[in-house]
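Contents: one structure, followed by commentary.
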Amino acid sequence: MQKKSENTFRNVNNPSARGCMMDIGFIGLGTMGSRIAENLVKAGNNVRVWNRSRAPVDALARLGAQPVSTAREAFSGDAVFSMLADDAAVRAVIDPLLDGAPKGLVHVNMATISVALARDLAARHRDHGLTYVAAPVFGRPELAAAAKLNIVVAGEPGAVARIEPLLAVIGQRTWPMGVQPERANVVKLAGNFMLGAAVEAMAEASAMAWRHGIAPADLLDMLTNGVFTAPSYQIYGAAIAQQRYEPPGFRLSLTLKDLRLALAAAEDASVPMPLADVVHESLLEAVAHGDGERDLAALAKVAMRRAGSEEASGVKAVTREPRGAPSPEQEHRA
């Protein structure tokens, strides 16, 4: 087991880091990647950008990024960042670039991928004289835009130090997790499992409260401001209460992908995760009912459907007294 450094948790953000200009490639300009790349451009770096579709490339070019026509043109410089959707996209885009890449190049992969692929990528980068750093992030698109991401990083210490000034301009805190890059992906998958479990818990609790005549908005307002006050509970609790599932901050289909990866990592290590199985089944049901492109908060639709309705805006849709409970008149008389 790798010994934990006394610097395992440290904040690398500092004013001097933000003034350091570097030559960077950026591959993958989706909802998160485009916002991260924009902050790197705004910090004064020379950023070469590539994406399969052209629109986000053109948008960043208007802000000062340098558009390139191939991923290979972006795969060079002081460092290259990639933010691709899944294992298949990473293999399709990155694998062909390793041959012929400049020796010593640092590749920072910010995607949420499998532990097995992270391990494989680190070995193949090393075989090609390249350095691989895993740096998945926690945070929704609005936090990416505000440079308030939490970044989990793992890789060769010299390479991590080299990219620290860049991480400082895209996140509020960087959390080093060791030398083996796959360690960062383990943390990311564990975190996304916990997020899915939190949303599933709020969804089921809301359905139960609704069946007793309590509006989900009232329940979640109390719980997320009085007991469970972490930002994730508040953000997703508000979305569930308002039945606000679009536009998605974290697509439900991507959460399903991440739960599959978490379960695969657990199986590889012979670790039972029965709660993850429950969340996975709810996510799968949501996708089967056409909610895959909606926000993760749409798990509430699954819980409400199981409880008898997908609409919970009215408190009196279904009200029933618990068996054996006194009636309101009896309580009043008491």
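The values are calculated or read from the model by the stated rules, or taken from the named source; none is laboratory data. Keep in mind the model is a prediction, meaning the values are calculated, not measured. Because the Cβ atoms are built from the backbone with ideal geometry, glycine has one as well, and the counts that use them run over all protein chains shown. Please note that ligands, DNA and RNA were not included when accessible areas were found on the heavy atoms of the full protein model with its side chains. Shrake-Rupley method; radii C 1.70, N 1.55, O 1.52, S 1.80 Å.
Excluding Leu261 itself, what net charge comes from residues whose Cβ is under 10 Å from its Cβ, given Lys and Arg +1 and Asp and Glu -1? Within the 10 Å Cβ shell, the charges total 0. At a probe radius of 1.4 angstrom, the accessible area of the chain per residue rounds to 47 square angstrom. Mean sequence separation of contacting Cα pairs (under 8 Å, at least six apart), scaled by the length of the chain, corresponds to a relative contact order of 15 percent. Any chance you could give the angle, 0 to 90 degrees and rounded to 10, that helix 182-211 forms with the longest Cα principal axis of the chain? Roughly 20 degrees between the two axes.
Phi angles of segment 66-81 translate, via the Karplus equation with coefficients 6.51, -1.76, 1.60 and θ = phi - 60°, into HN-Hα couplings of 9, x, 10, 8, 9, 5, 4, 5, 7, 8, 6, x, 5, 6, 10, 9 Hz per residue; Gly and Pro are given as x.
Seen from Arg244, the other residues with C-beta closer than 11 Å to its C-beta sum to a net charge of -1, counting Lys and Arg as +1 and Asp and Glu as -1. For the set Trp50, Trp175, Trp210, the ranking by accessible area, highest first and with no ligand, DNA or RNA atoms included, is Trp175, Trp50, Trp210 under a 1.4 Å probe. In order along segment 276-282, the Karplus-derived 3J(HN,Hα) couplings, from 6.51 cos²θ - 1.76 cosθ + 1.60 at θ = phi - 60°, round to 4, 4, 5, 5, 4, 5, 5 Hz, and Gly and Pro are given as x. Only protein heavy atoms count here; under a 1.4 Å probe, Met32 has an accessible surface of about 40 Å². Taking a threshold of 23 Å on the Cα-Cα distance, which of the pairs Lys42/Lys188; Lys42/Lys148; Lys103/Lys188 fall above it? Violating the 23 Å limit, Cα to Cα: Lys42/Lys188; Lys103/Lys188.
Counting only protein heavy atoms and using a 1.4 Å probe, what share of the accessible area of the chain belongs to carbon plus sulfur, as a whole percent? Taking all protein chains in place, the chain shows 55 percent carbon and sulfur surface.
Once you reduce segment 114-176 and segment 239-270 to the center of their Cα atoms, the two points are 21 Å from each other. With the biggest extent put first, the Cα atoms of the chain measure 81, 46, 38 Å across the principal axes.
Per-peptide packing, taken as the mean over residues of other Cβ atoms within 10 Å, places 279-289, 94-104, 296-306 in the sequence 296-306, 279-289, 94-104 from highest down.
At 7 Å along Cα-to-Cβ for each site, give me the label-to-label distance between Met194 and Phe228 in nm. About 1.4 nm, to one decimal. Mean residue ellipticity, 222 nm, helices only, the chain: the sum of -39500 (n - 2.57) across DSSP H runs of n ≥ 4, divided by residue count and rounded to 500, is -14500 deg cm²/dmol.
Within the shell of other residues whose beta carbon sits under 15 angstrom from the beta carbon of Leu189, the net charge comes to -2, with Lys and Arg scored +1 and Asp and Glu -1.
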